[in-house]
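Below is one structure, written out as structure tokens; the observations come after it.
The values are calculated or read from the model by the stated rules, or taken from the named source; none is laboratory data. None of these values were measured; they are calculated from a predicted model. FYI the Cβ positions are ideal-geometry reconstructions off the backbone, even for glycines, and counts take in every protein chain you see.
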Amino acid sequence: MNGPIVECVPNFSEGTDAARVEAILCAMRGEGVYLLDLSMDADHNRSVVTIAGAPAAVVESAIRGVGKAVELIDLTRQQGAHPRIGAADVIPFAPVAGMRLEQCALLARQAGLEIWRRFGVPVFFYEAAAARPDRANLEDVRKGQFEGLREAVSKDPSRRPDLGGPVLHPTAGACAVGARKFLVTYNVSFDSTDVALVRAMAREIRDSLGGVKAVRAIGVLAHGRVQLSMNIPDFEATPISQVHRKVAGLAAKHKARVAESEIVGLLPEAAYERESEWIRQLSRFDPETKILERRLASPLRWPEGL
């Protein structure tokens, strides 16, 4: 790829219907945009798509994906383990090459405006694209999920969208559009069905409650086991090996046995601590397909559609 490269990782609130997800991908296909990864999870009822390419082409691809999600996903009928406020829940942009975070924030603002104009879905801007300091944290934006936010915007002006609204789209909710550094999603599952166990761990590791710096965590039941699901937004400041050590300590404290761990989406080469214990514990991890820079050199084929 020549010229500036931006990554976008749309998260769609559909993880059970492969045909719907394929239809969203078909809508996103376009010149100058490369499909790098797809993670589809039925228990979370969520699909995470990673695309990269020329900035304008990536923005248009993400917008079209939102439009197809609005058409196909009804949040009044959707349930899953992962928090969500929208059919197209989050649309984050991240710099890869020849781009700065500030430029990605401008792309996020452009995308948000088009999402509201074309589809009538209100938008919240978060992280580097946030229009207000209290919306930099995605957890704060998503507080109450679709159902709670739907009620809150009608009663509390401070919860209303940055763009559009003030009420949410009746079936597609709202969309959180942001700009950020590369985020690593690291999930650890335990041989237990005790959700209270992983929720306690999440409270102990979460940055907002005094845990590990810049780590966000929730505890859920997924695939018949409990799972500690963590987002690490700055792996340079907080290496994944540090998070792994904390999780290992919490597992020992709570007498919980790790069953498996996974990376959702891609991992930058700089975050790949190849000789570390956490890498050895990963399931279904192939560096050739899960390392960002390697996948850029060999992207996935877009589905052909009808």
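From the list A256, A251, which one is of a type outside the set (S, T, N, Q), part of a helix (DSSP H, G or I), crowded, with 16+ Cβ neighbours inside 10 Å and over 21 Å from the mean Cα position of the chain (by Cα)?
Values: A256 fails: part of a helix (DSSP H, G or I).
A251 is the lone residue from the list that is of a type outside the set (S, T, N, Q), part of a helix (DSSP H, G or I), crowded, with 16+ Cβ neighbours inside 10 Å and over 21 Å from the mean Cα position of the chain (by Cα).
Take region 251-306 and flag every residue that is among the aromatic types (F, W, Y) and touching a Lys or Arg at 6+ places or on another chain (Cβ under 6 Å). It would help to see each step written out before you state the result.
Of region 251-306, the ones among the aromatic types (F, W, Y) are 272, 278, 285, 302.
Residue satisfying the conditions is W302 alone.
With part of a strand (DSSP E or B) and not assigned by TED's automatic domain parsing to the domain that holds S47 as the only criterion, which of E204, E304, E262 stands out?
Working: E204 fails: part of a strand (DSSP E or B); E304 fails: part of a strand (DSSP E or B).
Just one listed residue meets the conditions, E262.
So for region 190-205 (the condition being surrounded by fewer than 19 Cβ atoms within 10 Å (Cβ to Cβ) and touching a Ser or Thr at 6+ places or on another chain (Cβ under 6 Å)), does at least one residue qualify?
Looking through region 190-205, none of the residues is surrounded by fewer than 19 Cβ atoms within 10 Å (Cβ to Cβ) and touching a Ser or Thr at 6+ places or on another chain (Cβ under 6 Å).
Kindly provide the set of residues from region 99-120 that are under 30 Å from M1 (Cβ atoms), part of a loop (DSSP other than H, G, I, E, B) and in contact with a strand residue (DSSP E or B) (Cβ under 7 Å, 6 or more places away or on another chain), ordered by number.
M99
Just wondering, is there one or more residues in region 179-187 that are modelled with pLDDT under 95, assigned to a loop (DSSP other than H, G, I, E, B) and in contact with a Pro (Cβ under 6 Å, 6 or more places away or on another chain)?
yes
Check whether at least one residue in region 7-29 is buried (at least 20 other Cβ atoms within 10 Å of the Cβ), touching a helix residue (DSSP H, G or I) at 6+ places or on another chain (Cβ under 7 Å), of a type outside the set (A, V, I, L, M, F, W, C) and closer than 14 Å to A172 by Cα, and report yes or no.
Among the residues of region 7-29, at least one is buried (at least 20 other Cβ atoms within 10 Å of the Cβ), touching a helix residue (DSSP H, G or I) at 6+ places or on another chain (Cβ under 7 Å), of a type outside the set (A, V, I, L, M, F, W, C) and closer than 14 Å to A172 by Cα, which makes the answer yes.
For residues that are in contact with a strand residue (DSSP E or B) (Cβ under 9 Å, 6 or more places away or on another chain) and in a helix (DSSP H, G or I), tally how many sit in region 121-144.
Here is the first cut: in region 121-144, the ones in contact with a strand residue (DSSP E or B) (Cβ under 9 Å, 6 or more places away or on another chain) are 121-132, 135-142.
Those left that are additionally in a helix (DSSP H, G or I): 135, 138-141.
Residues in region 121-144 being in contact with a strand residue (DSSP E or B) (Cβ under 9 Å, 6 or more places away or on another chain) and in a helix (DSSP H, G or I): 5 in total.
I'd like to verify a number: residues in region 76-133 that are more than 23 Å from M28 (Cα to Cα), in contact (Cβ under 8 Å) with a residue 12 or more places away in the chain and charged (D, E, K, R), how many?
3
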